[in-house]
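The values are calculated or read from the model by the stated rules, or taken from the named source; none is laboratory data. Keep in mind the model is a prediction, meaning the values are calculated, not measured. All Cβ positions, glycine included, derive from the backbone under ideal geometry; neighbour counts span all protein chains shown.
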Amino acid sequence: MKQDIYFKLGSIFSLIFKLGFIFTLIFGLMLPQSFMLGLVGERKAWRQQAYQSIEQSWPGKQTIAGPVLAIPYHLTYNTKERIIGSDDERADINKEVDVDGILYIIPKQLNIDSKLESSLRYRGIYGVPVYSSLVQFKGEFSTQPLLDLINRNKESKIHFKNPLLSVLVGDQRGIAAPPSLSWNGAKLSFQPGSLLPGTEAGMHVYVPDIVQMQDTRIAFSFEMELRGLRSVNFALLSENTDLQLTANWPHPSFTGELLPEKRDINMNGFTAQWRASAFSYNVSNILEGCRKGRCLSLLEHAVGIDLIQPVDSYQKSERSIKYAELFIILTFVALILFDLLKKIRVHPIQYTLVGMALLVFYLLLISLSEHIEFLLAYVIGASCSTALLTFYFGAILRSRRLGLTLGAGLSALYVSLYVILQAEESALLMGSLLLFIVLATLMLATRHFDWYALTNQVNTVSEVQK
């Protein structure tokens, strides 16, 4: 009687010890998992260093603002100043006051047409999108702001200096060739530098005097070849702006405070159109900041695009690693069930080897995806891991059929994981559904099991084998 009790207690302790080891092993395998997450972060940091290295030798992110017409003027007006004499006698005298200012005028109408050709520039194994864009500007200025300034100072003398047309550019290195301006029929050449207060990068050109006694329209046009890195933006500085942007990059991210009114995106590229007025960005306040010497604020309110690389290989690898616990737990549960149902003893060391084989897949995925397409890297890594484990399952379970069954289940899990990785916006939903389906299948398949009888049978077999 006592021997039976000791036998049952020993069997129970043996089972508890084995299950405890398996759970401890699952937590222990989280250490290599965290190591691989750290490896992904390290590779991301190296890629960022490669991006910064490319930025040092290639123009960076570009923002274009303008053109803006700046007309310096000298204003002289008379004012009366009261002088108090020694005998408290007061006298008013006329005094001339000189004031220097700059009148900033934005176009009445501005049409921008940008055609962008993109490519990948590599530093080592890391590629960053760069572009060369042909930007055409066409529009007209109105002289009405100039007439308004004259009418507000009819009692004063105004002397206007040479007008300056300026265009701000985020990185002046991106201007590939000196542009020329067509100004009211005349051809003028731009010079480096914007010459606007508080700014440096850009270009400028002095235009003929435009003092008129009535409102007139001055047509202008120019085009520039602009190079940049990863993004391009346009400040819509005109009373009415039409912007059309065409590119051969199939993955744009539209930025700025206004989304395009029309857009067409396909695998060959995209086309986007914006329309805006001076009310869209309260341009008058922006020009007021420029009059105070802060013309760099002209670049702040812009619309444009970022050339993004959707869910890159590192991001996909990182997301796949987070499902490692699920793969390990489901595989171990299957082995435990075969241990109980088929009365096949699986040694703790064999559980350890299976867990390590499951983790090696993620290391293969990270390293292969740096050199080949992520899909191909995923297929190679999953195939190697599945083939190895299928062969190993057949050996430790002493059944080729059981090995193929577990291998097929593992393949289905890898296919499901890839589908989840591709679903950027619904990945959490699909992952939750996968976990629910697996758990429901396991519960329904084992709902009639007599777990006490199964554990007793396994313990009896274990004792007989001893």
Task: Filter result for S367 (surrounded by fewer than 16 Cβ atoms within 10 Å (Cβ to Cβ), out of contact with any Asp or Glu (no Cβ under 8 Å at 6 or more places or on another chain), of a type in the set (G, A, S) and modelled with pLDDT under 85) - done: yes
Open item on the list: Which condition from (1) in contact (Cβ under 8 Å) with a residue 40 or more places away in the chain; (2) farther than 27 Å from E140 by Cβ is the one that A302 breaks?
Closed with: (2)
- [ ] Find the residue count for the range 268-282, including only residues that are in contact with a strand residue (DSSP E or B) (Cβ under 6 Å, 6 or more places away or on another chain) and closer than 10 Å to S238 by Cα.
- [x] 2
Open item on the list: Being small (G, A, S), in contact with an Asp or Glu (Cβ under 8 Å, 6 or more places away or on another chain) and within 23 Å of P163 (Cα to Cα) is true for just one of A219, A247. Which residue is that?
Closed with: A219
TODO: Take the residues in the range 205-226 that are surrounded by 18 or more Cβ atoms within 10 Å (Cβ to Cβ) and either at pLDDT below 85 or in contact with a Gly (Cβ under 7 Å, 6 or more places away or on another chain) (or both), then tell me which one is farthest from P59 (Cα to Cα).
DONE: F220
Task: Test for D215: is it more than 16 Å from V169 (Cβ to Cβ), assigned to a loop (DSSP other than H, G, I, E, B), in contact with a Ser or Thr (Cβ under 9 Å, 6 or more places away or on another chain) and acidic (D, E) - done: yes
TODO: Confirm whether L287 is in contact (Cβ under 8 Å) with a residue 40 or more places away in the chain and touching a Cys at 6+ places or on another chain (Cβ under 7 Å).
DONE: no
Open item on the list: Condition (residue is touching a strand residue (DSSP E or B) at 6+ places or on another chain (Cβ under 9 Å), within 18 Å of G101 (Cα to Cα) and surrounded by 18 or more Cβ atoms within 10 Å (Cβ to Cβ)) applied to the range 165-187: is it met by at least one residue?
Closed with: yes
- [ ] Quick one: count up the residues across the range 254-270 that are in contact (Cβ under 8 Å) with a residue 24 or more places away in the chain and surrounded by 15 or more Cβ atoms within 10 Å (Cβ to Cβ).
- [x] 6
